[in-house]
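As structure tokens, the structure follows; a few thoughts come after it.
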Amino acid sequence: MGKKKEKKWENIKKEFKEFAFQEATFGAAIGIIIGAAIKDVINSLVTDILTPPISYITSGIDFTNLYLALGPEQYESLTAAQEAGAVVIRYGNFLNEFITFLITAIILFILTYQITKLLSKARKDKEKAEKK
């Protein structure tokens, strides 16, 4: 390798190190990891805590098996349609996922709102203490 290419390679390595090991890069990585962990906690909250009482209140309505078979054939169930190789639109599964999304969005909104409120109060209290 010529000196020019070697120097260019050294510059690239130096720039990469500066980029990859910046505080902001680590902050972003930690934020992504924490976000994934929070996602798991919220999914569990929705699936394991909130969905069962909602299902109980709505008499155990489960939309999972709602479907529309494309074509002239009629089937007794989603499983029967799938076993027959029919093309089906599983809109019931979509409804379940959409309801789960709405519950998750509401929970995230409430959490974000409350945390923002707490942080704002703490910031105001700190500013008041600094003014004294």
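Only the coordinates and a few stated rules stand behind these numbers; no lab work does. Only a predicted model underlies this, so the values are computations on that prediction, with no experimental measurement involved. Using ideal geometry, Cβ is built from the backbone for each residue, glycine included, and neighbour counts are taken over all protein chains shown.
Between T47, T25, T64, the Gaussian network model of the chain with springs among Cα atoms under 10 angstrom shows the greatest mean-square fluctuation at T25. Placing one equal scatterer on every Cα of the chain and applying the Debye formula, the log10 ratio I(q)/I(0) at q = 0.15, 0.16 Å⁻¹ is -0.94, -0.99.
On full extension, the segment bounded by L70 and I38 gains 7.6 nm, given 0.36 nm per residue less the C-alpha separation. Near T79: Cβ cut-off under 15 Å, other residues only, Lys/Arg at +1 and Asp/Glu at -1. The net charge is -3.
A simple spin-label model places pseudo-atoms 7 Å from Cα toward Cβ; at L102 and Y56 they are separated by 2.1 nm.
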